[in-house]
1. Given a 1.4 angstrom probe, I'd like the percentage of the accessible area of the chain that is carbon and sulfur, rounded to a whole number.
2. Starting from the Cα-Cα distance between Leu72 and Arg93, subtract it from 0.36 nm times their residue separation and give me the gain in nm to one decimal.
3. What number does the stretch 2-42 give for Rg over Rh if you use C-alpha atoms and the Kirkwood radius?
4. Work out from phi, with θ = phi - 60° and the Karplus expression 6.51 cos²θ - 1.76 cosθ + 1.60, the ³J(HN,Hα) of each residue of the stretch 24-35, listed in order in whole Hz, and give x for Gly and Pro.
5. Just the number: Rg to Rh for the chain, Cα atoms, Kirkwood Rh, two decimals.
6. Using a Gaussian network for the chain with springs between C-alpha atoms less than 10 Å apart, which of these wobbles most: Ser55, Ser35, Ser46?
7. Would you please give the FRET efficiency between Thr29 and Asp65, computed as 1/(1 + (r/R0)^6) with r the Cβ-Cβ distance and R0 = 30 Å, to the nearest 0.05?
8. Can you list residues whose amide H is under 5 Å from Ala61's amide H, if they're 5+ apart or on another chain and H is modeled 1.01 Å from N?
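The values are calculated or read from the model by the stated rules, or taken from the named source; none is laboratory data. A quick note: this is a predicted structure, and the numbers were derived from the prediction, not measured. Reconstructed Cβ throughout: ideal geometry from the backbone, glycine too, with neighbour counts over all protein chains shown. Only protein heavy atoms, including side chains, enter the accessible area calculation; ligands, DNA and RNA are left aside. Shrake-Rupley method; radii C 1.70, N 1.55, O 1.52, S 1.80 Å.
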Amino acid sequence: MNSAQFSPDGNRILTASYDGTAKVWDVNTDAEMLSFMGRGKSAQFSPDGKRIVTSSFVNTAKVWDSKTGKELLIHKGHTRVVLSAQFSPDGNR
């Protein structure tokens, strides 16, 4: 496990693992809600909990919808592993 974080509402946990996955878990049932394969170096919820940012072993950072798992944005251009990514405090960047 590389990182773990509660969602802002406290109902979900976001984990990132050495196996390259990031997952969203239901706090009450321990059920896996979403899985992002190959994107698990680090992961963080946006301040409002609506998005997730992940960094990866494939030199990118991606932004995802935290409810559907849909990819919203990809940041490319790094020449090496992206060790971590996070949202700005206001969630706009």
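1. 52
2. Taking 0.36 nm per residue and subtracting the Cα distance, the gain is 6.3 nm.
3. So for the stretch 2-42, dividing Rg by the Kirkwood Rh gives 0.97.
4. Running phi through 6.51 cos²θ - 1.76 cosθ + 1.60 with θ = phi - 60° gives 10, 10, 7, 5, 7, 10, 6, 7, 6, 9, 9, 9 Hz.
5. On the Cα set of the chain, Rg over Rh gives 0.94.
6. Ser35
7. Values: r = 21 Å, r/R0 = 0.70.
Rounded to the nearest 0.05, the efficiency is 0.90.
8. His75
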